[in-house]
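One structure below.
The values are calculated or read from the model by the stated rules, or taken from the named source; none is laboratory data. A quick note: this is a predicted structure, and the numbers were derived from the prediction, not measured. Note: ideal-geometry Cβ built from the backbone for every residue, glycine included; neighbour counts use all protein chains shown. Remember, those area values only see protein heavy atoms, side chains included, never the ligands or the DNA or RNA. Shrake-Rupley method; radii C 1.70, N 1.55, O 1.52, S 1.80 Å.
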Amino acid sequence: CVTRRHVDSFINAPGKLKATSRVTNLAILRMFFWYVAAEGWRIGDPSQLVEVNLGILPHSQKEPSTRAVFTDAEVNKLIAATPPGSFWRAAIAIGRWTGLRLCDVAALEWDSFNTLGKIIVWTQKRDKRVELPLEPAELRIAVTQVPFTGKYCFPEQREIITDPRRRSLLSKQFARLALSCGIANTSFHSLRSAYITAQDAAGIPMEHIRQSVGHSSEAQTRHYLRRAQ
């Protein structure tokens, strides 16, 4: 039987794992135990009695990793490295000019484009509705080049992103694409930072930006502000 001590020894095990990764692992375990308890397979959740022990970690492991925001030149380089109509060309354009997460892009339905000049999405992570303009022209072109295959814009990628065992594949694919273009220390989420940073630089009110990306607080949105390297 898994106990609090088992969970604690796993989450707070010696090693180089950063605090943010330990927090993520604990959140995953809590989701697992919630599911197990909901199914009636066990009583209680030992993960609720465990916290990440920051006291045992050095400063370097407490500090979050900083990823650079994409420059426009890097975004253009990524887009140029992908064929027209491909998932990645469309995904990069959507990520940069709407701030949507990779999971939301991969699960997009064509119905999200039913309103002329807009993209409307119920986000996967927070189940929030976001409504964004379908601009600039680069974004519209990338979307219109995607072949129609039925209800979902990217059925293959949707199947991957909705499978907990495989969803990390898309992040790895993007990382390899970025490295092939000579771009390091970034992830697909860096496109979300690029969108938020560009909106802020353009003088868009932070409250409007917060709503457009589906955040619960302005503080959460400000966390994404970066400077191009």
**Relative frequency of Cα-Cα separations exceeding 22 Å in the stretch 1-86, percent** = 49 percent
**Measure of compaction for the stretch 37-102 (Cα Rg per 2.2 N^0.38 Å)** = 1.94
**Request:** Summarise the accessible area of the stretch 81-229 (1.4 Å probe, protein heavy atoms) by the percent that is carbon and sulfur.
**Result:** 52 percent
**Request:** May I ask you to compute the full-extension gain from His59 to Ala219, defined as 0.36 nm times their residue separation minus their alpha-carbon distance, rounded to one decimal in nm?
**Result:** 55.3 nm
**the stretch 85-191, accessible area per residue, ligands and nucleic acids excluded (1.4 Å, Å²)** = 51 Å²
**Request:** Go through the stretch 129-165 and name the trypsin sites (Lys or Arg not before Pro) that are in a DSSP coil and have 13 or fewer other Cβ atoms within 10 Å of their Cβ.
**Result:** Lys151, Arg165
**Item:** Mean projected area (nm²) of the alpha-carbon convex hull when the stretch 86-128 is viewed from all directions
**Value:** 3.0 nm²
**Asked** With r defined as the distance between the Cβ atoms of Thr115 and Ile141 and R0 fixed at 25 Å, what FRET efficiency is calculated, to the nearest 0.05?
**Response** 0.85
**Item:** Dimensionless Rg ratio for the stretch 63-195, taking C-alpha atoms and the 2.2 N^0.38 Å reference
**Value:** 1.00
